Amino acid sequence: MMSMKSDEKGGTIKVGCCGFTVSRGKYYKNFEIVEVQKTFYRFPDMKNIIKWREEAPEKFEFTLKASQLITHLPSSPTYRKFEMAIPEKEKELYGFFKPTEKVFEAWEKTKEIARTLKANKILFQMPPGFQPTSENKNNMKKFFSKIKREEFILIWEPRGKWEEKEIKAMCAELGLIHCVDPFKSEPLYGHFAYFRLHGIGDYKYRYTDDDLIKLKENCIEKKETYCFFNNTNMFEDALKFKKLLE
């Protein structure tokens, strides 16, 4: 079963979920793309990463969510799933793109996993607390100017109170694709669209037929669109959207 469609009015629409919400075998039968979530919370064993790539169909595409060690402060509740205690004296060295050795180490590990999965797109999702302060902007610039991108396309999902002109300027300067929830805003920069659908109002939201028709209309205006559902009902909603495209 195909998870992408080329519309005569636009480009390719790729549909999948943020993570494997069903068995991987069942997922592979229904979709041809997934955004890996586990790498955000902790680094999976490389044996498992190799297994994921080997068991997936040859043309199956992985994208990757970068480690929270890069994007989130250790005070974030997401660190409850990290499973490793960070020494108190080291906590200030993580998150918010701080140009520290610890953050760059997390980038190298993220990149190693992406390369093993043959994933060339890496997402950096920011917490709402990452505001457009001078310090945060400078950290971003230092981080992205120092890392070796190689073949990777880097995607940024800001969720704080960033003005459109600030987002566009940062993406243009740093070569980032702007990621959005299309029911909240429009992408401001990038040669393709990267949508993450978090549910309208909250994660328990189930997308209606009218919602998905609007999403389709939004997608066909773009050259290429990645649509990743990230609500509680993501697998069923992604399937419904895929059928609508077909």
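Computed from the coordinates by the stated procedures, all read-outs in this text should not be read as laboratory data. Only a predicted model underlies this, so the values are computations on that prediction, with no experimental measurement involved. Cβ atoms come from the backbone with ideal geometry, glycine included; neighbour counts cover every protein chain shown.
The table for this structure:
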{"read-out": "Simple spin-label estimate for residue 131 and residue 146 in nanometres, 7 Å along Cα-Cβ", "value": "2.5 nm"}
{"read-out": "Packing-based ranking, highest mean first, of 199-209, 109-119 given that Cβ atoms within 10 Å are counted", "value": "109-119, 199-209"}
{"read-out": "Mean Cβ count within 10 Å, highest first, over the residues of peptides 215-228, 135-148", "value": "215-228, 135-148"}
{"read-out": "Sequence-distant residues sharing a close amide H with residue 225 (under 5 Å, placed H)", "value": "12, 13, 14, 193"}
{"read-out": "Fully extended contour minus Cα-Cα distance, from residue 184 to residue 208, at 0.36 nm per residue", "value": "7.0 nm"}
{"read-out": "Calculated [θ] (222 nm, deg cm²/dmol) that DSSP helices of n ≥ 4 give over the chain, each run adding -39,500 (n - 2.57)", "value": "-10500 deg cm²/dmol"}
{"read-out": "Paramagnetic label zone (point 7 Å from Cα along Cα-to-C-beta, residue 24; backbone N under 14 Å) in the range 61-84", "value": "61-63"}
{"read-out": "Tail weight of P(r) past 14 Å, computed on alpha-carbon pairs of the range 159-246, percent", "value": "65 percent"}
{"read-out": "Cβ charges +1 (Lys, Arg) and -1 (Asp, Glu), total dipole of the range 4-245, debye", "value": "400 debye"}
{"read-out": "Length added when fully stretched, residue 54-residue 116, from 0.36 nm per residue minus Cα-Cα", "value": "21.3 nm"}
{"read-out": "Convex hull of the range 74-133 built on C-alpha atoms - directionally averaged projected area, nm²", "value": "5.2 nm²"}
{"read-out": "Residue 159 long-range amide H proximity, modeled H, under 5 Å", "value": "126"}
{"read-out": "For the chain, alpha-carbon Rg over 2.2 N^0.38 Å", "value": "0.99"}
